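Scroll down for the structure; my scribbles are underneath it.
The values are calculated or read from the model by the stated rules, or taken from the named source; none is laboratory data. If you're wondering where the values come from, they're calculated on a predicted model, not measured in any experiment. Methodologically, a virtual Cβ is constructed for each residue, glycine included, from the backbone with ideal geometry; neighbour enumeration extends over all protein chains shown. What goes into the accessible areas is simple: the full protein's heavy atoms, side chains included, and nothing from ligands, DNA or RNA. Shrake-Rupley method; radii C 1.70, N 1.55, O 1.52, S 1.80 Å.
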Amino acid sequence: MLQHTTRADTLVVLDFETTGLSPDMGERAIEIGAVLIEQGEITACFQELMNPGFKVSAFIEDYTGISNDMLRDAPTCEDVMARFSGFIAGHNLVAHNASFDKRFLDAELARISCTYSGQFACSLLAARRIFQQAPNHKLGTLVNYMRVSTTSSFSQDSFHRALYDSEMTAKLWLAMLDNIGERYGLFDLPFSFIQKLSKVPKKSIDRFLEKHRA
């Protein structure tokens with residue numbers, strides 16, 4: 001039996017809402033949402049708004065549904081991220097388009113001189129290989145394509161809010177693991193296997209998975 005910290009079905013799925021595209025350009029996080037998956041079951045969640053220290057644009061307000069009024073009395077990014085570092089401690093991490101979320105996680109934790117031990121995998125990259133016939137690989141499209149339940153256990157919000165998106169990503173991740181098991185007979189996969197799979201050329205994915213089944 002794999003140790004929980006190395007399993008592909010035991011990890012934290014996270015999602016940031018932000019003031020823009022890049023922390024290198026001074027953009028900040030305004031919401032973090034995350035769910036904990038343990039042995040294929042979603043068992044806990046984390047969600048907080050955070051005040052970036054400046055007003056967000058009308059575009060971001062419209063896109064995320066997070067207004068300046070909502071952020072005015074929210075705790076600082078530093079306070080929220082200090083709490084969030086405890087939630088992810090010891091776990092590997094998944095996000096849809098993980099390079100974006102990893103940049104903001106790294107930047108916000110660096111501000112409080114904090115690090116994390118887990119590694120990242122990208123559900124978007126993995127889905128491009130496992131669900132090659134999907135119309136596209138946006139989160140909402142994949143959720144519909146795989147007929148994932150859009151009912152949330154934690155949030156009354158919808159897409160583009162951090163907790164809802166992280167829960168939908170978690171459900172998609174588990175559906176992908178189930179799909180690999182059904183199609184290739186590969187179960188109880190290690191997290192590192194999905195990381196490797198995400199880098200395999202799409203045309204070679206069947207051969208890659210068949211090789212590991214053999």
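Of all the residues in the range 78-118, those that are within 12 Å of the chain's Cα centre (by Cα) and loosely packed, with under 15 Cβ neighbours inside 10 Å number 1. When Leu105, Leu124 are checked against the criterion of being at pLDDT 95 or above, out of contact with any helix residue (DSSP H, G or I) (no Cβ under 8 Å at 6 or more places or on another chain) and of a type in the set (A, V, I, L, M), a single residue qualifies: Leu105. Residues in the range 173-188 that are in a helix (DSSP H, G or I), open to solvent by 40 Å² or more (accessible area, probe 1.4 Å) and more than 18 Å from Val94 (Cβ to Cβ): 2 in all. In the set (1) in contact with a Gly (Cβ under 9 Å, 6 or more places away or on another chain); (2) of a type outside the set (Val, Ile, Thr); (3) open to solvent by 30 Å² or more (accessible area, probe 1.4 Å), Asp15 fails one condition alone, (3). If you go through the range 108-121 and keep only what is over 29 Å from Glu210 (Cβ atoms) and in contact with a helix residue (DSSP H, G or I) (Cβ under 7 Å, 6 or more places away or on another chain), you end up with Glu108, Leu109, Arg111, Ile112, Cys114, Thr115, Tyr116, Gly118.
So that you can scan it fast, the table gives a plain yes or no per residue for (1) in a helix (DSSP H, G or I); (2) open to solvent by 50 Å² or more (accessible area, probe 1.4 Å); (3) farther than 16 Å from Asp15 by Cβ; (4) modelled with pLDDT of 95 or more:
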| position | (1), (2), (3), (4) |
| --- | --- |
| Arg128 | yes, yes, yes, yes |
| Gln132 | no, yes, yes, yes |
| Leu163 | yes, no, no, yes |
| Ser192 | yes, yes, yes, yes |
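Scanning the range 144-158 turns up no residue that is in a helix (DSSP H, G or I) and open to solvent by less than 40 Å² (accessible area, probe 1.4 Å).
Give the residues of the range 47-76 that are of a type outside the set (D, E, K, R), free of Cβ contacts under 8 Å to residues at least 60 places away in the same chain and exposed (fewer than 13 other Cβ atoms within 10 Å of the Cβ), sorted by residue number. Listed by number, the residues that qualify are Gly53, Phe54, Ser57, Ala58, Phe59.
Of the residues making up the range 194-201, not a single one is among the charged types (D, E, K, R) and crowded, with 18+ Cβ neighbours inside 10 Å. Within the range 21-62, count every residue that is farther than 24 Å from His91 by Cα and among the aromatic types (Phe, Trp, Tyr). Residues that pass the stated criteria total 2.
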